[in-house]
Amino acid sequence: MDPELEAFIPFLPDLDLNDPVTARKHVAERAAAVPAPDTSAMDVEDRTVPADPDVAVRIYRPHQGVRGAIVWMHGGGGVFGNLDTEHPWAARTASLSGAVVISVNYRLAPEHRYPAALDDAYAVLTWTAEHAAELGIDPERIAVGGHSHGAGIAAAVALRARDQQGPPIRFQLLNEPGLDDREETWSRQHFTATPWMNRDKIATAWRHYLGSQPATPYAAPARATDLSGLPPAYIATAEFCPNRDEDIAYALRLLQAGVSVDLHQWPGTFHGSQAIQSAAVSQRQITDLSAALRRALV
């Protein structure tokens with residue numbers, strides 16, 4: 001474990017995902033205590049995307065940057081997280097990449113199971129493409145991305161857009177994505193006591209997300225049999241993350257399907273540890289994610 005990250009482990013909250021309401025409350029309290037990001041070099045606007053139901057988004061427009069955008073999904077296992085908890089990371093991504101970031105307040109499980117979150121994200125992608133001129137972006141320079149479960153939703157959006165001839169997606173930015181509901185990989189089976197997220201918590205999150213229905217490739221993209229024709233991807237994994245092996249396997253399958261992939265495995269890190277911004281490795285992670293996005297949208 002990276003020593004800077006290890007020092008923070010005793011202070012991490014031990015979320016009980018069997019109690020989503022309390023978990024959301026704890027995460028919101030933690031997020032409120034984080035210093036507000038510097039947004040002086042961008043315009044930040046809350047909007048509502050017309051859909052069924054409507055979807056709240058927060059749009060970050062850097063004053064100077066590339067003419068591209070990313071539809072961004074927060075982490076939280078599909079159970080917790082919102083526009084406010086994601087605010088520091090969305091603002092930082094916009095600042096470092098120069099891209100317009102459209103942060104999506106998708107519906108949460110277990111109150112709203114799959115495909116609610118995917119439908120929300122896809123509606124925002126479609127809206128972004130249709131309103132590209134208003135947003136000041138090139139409709140051919142739209143990416144999708146996210147953290148953790150949000151990154152899994154982003155991967156599913158890319159699959160759905162390919163299959164349904166939806167808006168063209170330039171790039172996928174997938175940070176420690178949750179891609180597979182099955183517990184078949186070594187990391188999912190053995191990481192039972194890793195910080196922040198472990199095998200049991202991720203299994204609980206998948207149960208909330210799916211309920212009793214079987215998983216489809218749009219719910220768990222690792223189940224997709226055909227990955228050809230998908231957008232180029234940046235996939236980041238953490239050494240001590242239960243999702244690690246499914247992410248690496250997905251990256252290899254994308255490569256074998258002819259999709260360009262930038263795969264970055266971060267040693268000494270754990271799931272979500274990039275939130276500890278004082279650690280040098282976290283700063284490198286966030287900078288690398290944003291640089292990959294900027295390169296893809298230029």
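The table for this structure:
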{"read-out": "Within-14-Å neighbourhood charge of Leu252 [Cβ basis; K, R +1; D, E -1]", "value": "-3"}
{"read-out": "Added length on full extension, which subtracts the Cα-Cα distance from 0.36 nm per residue, Arg253 to Glu45", "value": "71.1 nm"}
{"read-out": "Formal net charge of residues neighbouring Pro177 (Cβ-Cβ distance under 10 Å; K, R +1; D, E -1)", "value": "-4"}
{"read-out": "Theoretical FRET efficiency, 1/(1+(r/R0)^6), r = Cβ-Cβ of Ala291 and Gln164, R0 35 Å, to 0.05", "value": "0.70"}
{"read-out": "Charge sum, other residues only, whose C-beta stays under 11 Å from Pro115's C-beta, Lys/Arg counted +1 and Asp/Glu -1", "value": "+1"}
{"read-out": "Cα-only radius of gyration and Dmax that characterise the stretch 192-298, units Å", "value": "15.3, 43"}
{"read-out": "From the C-alpha gyration tensor of the stretch 22-121, square roots of 5λ in Å", "value": "23, 17, 10"}
{"read-out": "Along each principal axis, Cα extent of the stretch 97-239, largest first, Å", "value": "47, 31, 28"}
{"read-out": "Candidates Ala222, Ala143, Ala161, ranked by Gaussian network fluctuation over the chain, Cα under 10 Å, top entry", "value": "Ala161"}
{"read-out": "Volume per residue that the Cα convex hull of the chain spans, once the total is divided by residue count, Å³", "value": "117"}
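Values quoted throughout were computed directly from the atomic coordinates according to the rules given, and no laboratory measurement underlies them. The structure presented is a predicted model; accordingly, all values stated were derived computationally and were not measured. FYI the Cβ positions are ideal-geometry reconstructions off the backbone, even for glycines, and counts take in every protein chain you see.
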